[in-house]
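Reviewing the structure listed below.
Computed from the coordinates by the stated procedures, all read-outs in this text should not be read as laboratory data. None of these values were measured; they are calculated from a predicted model.
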Amino acid sequence: SSFARRPAAPPLVRLLLLLLLLQVFCAVRAVKSPTKSYTGYKVNPSSLRMIYYHDQTIAVVEIGEGKSLLNCELIEIYNDEEGKVMLKNLTRINKPLPINLSQMMNLISQCDLLDPHQVNPEEIKLRSIGSSGGETDSNGIQTTTSNSLYSGILPGTKWCGSGDLATSYFDLGPEVKLDMCCRTHDLCPSKVRSYATRYNVTNNSMYTK
């Protein structure tokens, strides 16, 4: 005896199902995206560090002689309570100063001009592992080592896609310039994340707007 074969779903139906699964995956992933810890990395041990914040972004900047900008570390805040805790912890370095949106965007633009290769990736990696134990992030969530494509991230990058795979601000993929662009987008101080509501606006897409 033979069994009748069930007809395969039309390509359009399969595509819609795939998109639905991807949206559900990205929604769950967006909820689990953790706030990254400050690494404490300095280009010059004797430099001054200043801390600025606005809305969803904290900037720790390293100032050298002649008020030159040596290094930046931008931190994305995922909720107001985490932001308060991080700012409190950063007071051991310097007093956090509030700035407006225009000032923060100008600072981010200046940070983008810095050479990403001035940072020692091995030292950053050791600092990141030391702060998270190498297994879980700051919120106790298991970190992912799966292929970036299955994580909703464009191959060759760690910041381009839904959420990010970076362990710190300095963690970039092989496509450095593209990844820096995506990182800047992610660290915009005023935004609505995927499947979230803020400023009385709801973002139902899988990407931050």
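Key figures for this structure:
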read-out: Cα-derived Rg to Rh of region 36-114, Kirkwood definition; value: 0.94
read-out: Between region 176-196 and region 55-77, the alpha-carbon center distance in angstrom; value: 17 Å
